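Written below as C-alpha cells is the structure these notes are about.
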Amino acid sequence: MVVRVVARDPYPLFDDRPDLVLLERTAQVEERFWRASRSVRNRYRSMIEKAWIRNDAGLEGSVYELPELQLTLDNGGVGVATADTSLQPVCEEIAKHKKALDFARAMMLDKSVPTDFDLFRKIYMHFHPEDGDVNGIKYRRDIPQHRLYLHEYCPPDKVQGRLENAFNWIHSDEASKLKNPIKLAARVHYDLVRIFPFAQDSGTVARLFMNIMLVRAGLAPAILHVRDRNTYYESLKGSLPQLVGLITTSVHDYLVNVNNMLEKAGP
C-alpha cells in the first residue's frame, strides 16, 4: 500500500502496520496541540471545522462556498438569519452538519456509548430532526438511480437485514481479530455506505460514524478530501483495500496539517 508522505514528515508510513505508526504520531501531535495556546487551538478548530464540512459535502456533490461557511459557522452554527434569503437553505444545511459534527466529537470522547445502530441513528437525527426521534426514522424505499454510477446499493427490502448484520459484525469475533483499527473502521464504513439505508445523508452519517471509531481507537480522524472523490467512490464499487489506503492517507494528512500549523504558530 503506497500512501502520500509529506517531504518533511519524520514518520513515514510502512506497508506492514501503518496504523501503529499513526497511533504513535497521533499521541505526539495531540500532546503538542494541547501545549499550544488557547487562541491557536481555537483558530485551528475553526479552520478544520470549515474544511471538514466543506470536503464532506463535496463528496456528496454539494458545494459550500467559504462565505457561506463563515456566515454560518462563525455565528455558532445555529439559528443563522441572513438578509440574503437565497443563502438561508444552504446555511441551514451547514448548521445541521455542524450540530452532527459536534455530536460526533462528543461521542469520540465518550466511550461509554456503544458503537451500535442507535449511535448511527442519532447522528442521522441531527441532519433530519423532522423525523421526530430514532424510532421514527424511515429507510429508503427505492434505489437512488441518480447515484448508481457511484457504487452498488442493496435492494430496499434488504436494508434492515443488512444493517443488523453490519452492526452485529462490529462486535463479532471476526472483527475483534482485526488488530488494525483502520481496517475495522473502513470495513464498517464500506458496508454501511453500500447499504445506504436512508434516502439522504447515508454517506455523511457513515463517515462520521467511521471517525468516531477511529478516534476512540486512538487515531486522528480521517477527513476525506473532495479531490479524492473519484478514488473514494471507486473503492466503494468493490475495493475495500483501496478504501483502507485512502483512510490511512487521510489520517496521516490530518496529522501533518496539525503539525504544520503548530510549527507556524511557534512555541
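With the structure loaded, tell me whether THR231 is β-branched (Val, Ile, Thr) and under 19 Å from GLU49 (Cα atoms) or whether it fails that test. Walk me through it before giving the result.
Working: β-branched (Val, Ile, Thr): yes; under 19 Å from GLU49 (Cα atoms): no.
Taking the combined requirement at face value, the residue does not satisfy it.
Give the number of residues within the stretch 1-59 that are surrounded by 18 or more Cβ atoms within 10 Å (Cβ to Cβ), modelled with pLDDT under 65 and charged (D, E, K, R).
Residues that pass the stated criteria total 0.
Per-residue answers, yes or no, for (1) in a loop (DSSP other than H, G, I, E, B); (2) over 22 Å from VAL226 (Cα atoms); (3) acidic (Asp, Glu); (4) at pLDDT 80 or above:
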| position | (1), (2), (3), (4) |
| --- | --- |
| VAL63 | yes, no, no, yes |
| LEU69 | no, no, no, yes |
| ASN75 | yes, yes, no, no |
| GLY79 | yes, yes, no, no |
| ALA83 | yes, yes, no, no |
| CYS91 | no, no, no, yes |
| LYS96 | no, no, no, yes |
| LEU101 | no, no, no, yes |
| ALA104 | no, no, no, yes |
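Looking at the stretch 94-142 only, could you name the residues that are of a type in the set (Val, Ile, Thr) and out of contact with any Asp or Glu (no Cβ under 7 Å at 6 or more places or on another chain)? I'd like the intermediate steps shown before the answer.
Going through the stretch 94-142, the residues of a type in the set (Val, Ile, Thr) turn out to be 94, 113, 115, 123, 134, 137.
VAL113, THR115, ILE123, listed by residue number.
Among all residue pairs at least 6 apart or on different chains, which show Cβ distances below 9 Å where the first residue, located in the stretch 225-241, is closer than 19 Å to TYR254 by Cβ and the second is charged (D, E, K, R) and at pLDDT 90 or above?
Here the result reads HIS225/ASP253; VAL226/ARG54; VAL226/ASP56, each pair linking the stretch 225-241 to a residue that is charged (D, E, K, R) and at pLDDT 90 or above.
For the stretch 142-161, does any single residue satisfy the condition of being in a loop (DSSP other than H, G, I, E, B), modelled with pLDDT under 90 and basic (Lys, Arg)? Break it down stepwise before answering.
Filtering the stretch 142-161 for residues in a loop (DSSP other than H, G, I, E, B) gives 142-144, 148-155.
Going one step further and asking which of them are modelled with pLDDT under 90, we end up with 142-144, 148-155.
Narrowing the set further to residues that are basic (Lys, Arg) leaves none.
Within the stretch 142-161, none of the residues are in a loop (DSSP other than H, G, I, E, B), modelled with pLDDT under 90 and basic (Lys, Arg).
The values are calculated or read from the model by the stated rules, or taken from the named source; none is laboratory data. Since this is a predicted model, take the numbers as computed values, not measurements. As a convention, Cβ positions derive from the backbone with ideal geometry for all residues, glycine included, and neighbour counts pool all protein chains shown.
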